[in-house]
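Accompanying notes for the structure given below.
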Amino acid sequence: MNFDNLKKTDPVCYDLLVKEIDRQETTIELIPSECIASLSTIEALWTPFTNKYSEWYARKRYYGWNQIVDEVEELAIERAKKAFPWVAHVNVQPYSWSPANFSVYNAVCEPWDTVMWLRLTEWWHLTHGWKASATSKFFNTVLYWLREDWYIDLEEVEKLALEHKPKLIWVWATAYSREFPFEEFSKIAEKVWAYLVADIAHISWLVISGVHISPAPYVDIITTTTHKTMRWPRWWMVMVTEKWLKKDPELASKVDKSIFPWLQWWPHNHQTLAIAVALWEALKPEFVELNKQIVKNAKHLASKLIDYGFDIISWWTDNHLLLINVWRWRGVFMQEALDKAWITLNKNTIPKDPASPFYPSWIRLGTPITTMRGMKELEMEKIADWIKRVDDIIKDYVYIEDKDERLNNLKEFYEFIDKNQELEVIKKEINELCLKFPIYNYKA
């Protein structure tokens, strides 16, 4: 990669860019919602397509000379349909997660219609009606949850659906490590004639590769990010399946109108080009092999952490992520200490967690980026070993109920990890491993 123009015109921003590239190259990234955008995708984002106004959809533009932009958008849609069989209609214009998901509400619901989703504390998302989101302001909400074994409680879902007759049911979660029961949800939705929407942000790459069951034969609408685990740009898609178009031929038009002009205006054409590029890469055999390895690595990492005595949520994983228990609300301590050792992940709550989201007992981690760098089972064993070693280093630090004592304890903890030499040793070991698996091999 070459950033010579930026280096000349704005050395301050250039230096910040170099720092971030160095950070990504020299640390182990285990946040399961992050990926490495391919070089071809990044190059597409740099293009002069960003200069062009293209209000409306292909072949219907308000501004002139959009013929090439039309070809790009149509190509992205065509490739999306190949990647997701049973999908009849694709909209590639949503800017981000929130407007994409809100466009679904806007397309099929009226104000104060009842909608169902998994409660946020059980790994849902703000855009699915949580009280901190605008979605809660406009719709009546019904929550379903997980069983004691951490699987979705389908009996409770059916009971609530029959009782409340929702207009819309969402199926998705941010930290669900098992396979989603799309077919079972479909049967429940059909009993109450509800729209069923699958938000597959975390597993869309697995669906494309055939590693996870596809929701397309069972749901009416699919929304997905394009940047979590597919080597894509940061963007979103909304897809309407063949299943519902047979019931409601107008649904595709409702979704399109909901996105434009109801919720947003001009598409970002450089992003659309990058989506088309990334979808082409996703249709190649090596993409399938990569995703199979991501799941293999997640399972191997889970196995090694279990061997070290860690408690894994639902005792295993079917996909790219897992949650591990670090006891006594120590999630924040583990996150911060691992950051110092150059392993990045996030603290995470679990259902019925007695602590706040700021001091949970669990941490969430995944294997997309490590696998994209070329790491396999042997490297997962090393990562498990480093996590165990960091856990041992900070084992004396736990959450304290009293606020004043807690603040003093945190201050002492940060001073401890800043000076701890064992963490420095781990950091050097991690740096040596990362140098063997460069991301972009960029040199400033």
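The figures follow:
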{"quantity": "Checklist (1) more than 18 Å from the chain's Cα centre (by Cα); (2) part of a helix (DSSP H, G or I) applied to Thr370, failing item", "calculated": "(1)"}
{"quantity": "Count of residues meeting criterion [surrounded by fewer than 19 Cβ atoms within 10 Å (Cβ to Cβ) and either within 19 Å of Glu73 (Cα to Cα) or touching a helix residue (DSSP H, G or I) at 6+ places or on another chain (Cβ under 8 Å) (or both)] in the stretch 249-259", "calculated": "3"}
{"quantity": "Lys395 being assigned to a loop (DSSP other than H, G, I, E, B) and within 21 Å of Lys304 (Cα to Cα)", "calculated": "yes"}
{"quantity": "Some residue of the stretch 3-23 being of a type in the set (Ser, Thr, Tyr), out of contact with any helix residue (DSSP H, G or I) (no Cβ under 8 Å at 6 or more places or on another chain) and touching a residue at least 60 places away in the same chain (Cβ under 8 Å)", "calculated": "no"}
{"quantity": "Given (1) within 26 Å of Thr317 (Cα to Cα); (2) modelled with pLDDT under 95; (3) surrounded by 19 or more Cβ atoms within 10 Å (Cβ to Cβ), number of the condition Trp235 does not satisfy", "calculated": "(1)"}
{"quantity": "Residue under evaluation Glu73, criteria (1) in contact (Cβ under 8 Å) with a residue 60 or more places away in the chain; (2) assigned to a loop (DSSP other than H, G, I, E, B), criterion not met", "calculated": "(2)"}
{"quantity": "Flag for Glu190 being under 22 Å from Arg147 (Cα atoms) and out of contact with any Ser or Thr (no Cβ under 7 Å at 6 or more places or on another chain)", "calculated": "no"}
{"quantity": "Residue check for Glu110: modelled with pLDDT of 90 or more, among the acidic types (Asp, Glu) and not in a loop (DSSP other than H, G, I, E, B)", "calculated": "no"}
{"quantity": "Residue in the stretch 429-438 that is closer than 30 Å to His202 by Cα and assigned to a strand (DSSP E or B) present", "calculated": "no"}
{"quantity": "Criterion (assigned to a helix (DSSP H, G or I) and aliphatic (A, V, I, L, M)) met by exactly one of Ala175, Ala198, Ala252", "calculated": "Ala252"}
{"quantity": "Lys347 modelled with pLDDT of 95 or more and of a type outside the set (Asp, Glu)", "calculated": "no"}
{"quantity": "Number of the condition not met by Asn441 [criteria: (1) part of a loop (DSSP other than H, G, I, E, B); (2) modelled with pLDDT under 90; (3) in contact with a helix residue (DSSP H, G or I) (Cβ under 8 Å, 6 or more places away or on another chain)]", "calculated": "(3)"}
{"quantity": "Residue that is modelled with the lowest pLDDT, among those in the stretch 84-107 that are among the small types (Gly, Ala, Ser) and under 21 Å from Ala194 (Cα atoms)", "calculated": "Ala100"}
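Residues are listed down the side, and each one gets a yes or a no for (1) assigned by TED's automatic domain parsing to the domain that holds Ala58; (2) touching a helix residue (DSSP H, G or I) at 6+ places or on another chain (Cβ under 7 Å); (3) within 30 Å of Pro48 (Cα to Cα):
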| site | (1), (2), (3) |
| --- | --- |
| Ala216 | yes, no, no |
| Val240 | yes, yes, no |
| Leu305 | no, yes, no |
| Leu322 | no, yes, no |
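The values are calculated or read from the model by the stated rules, or taken from the named source; none is laboratory data. Everything numeric in this text was worked out from a predicted model, so none of it was measured. Cβ coordinates were reconstructed from backbone atoms using ideal geometry, including for glycine residues, and neighbour counts include every protein chain displayed.
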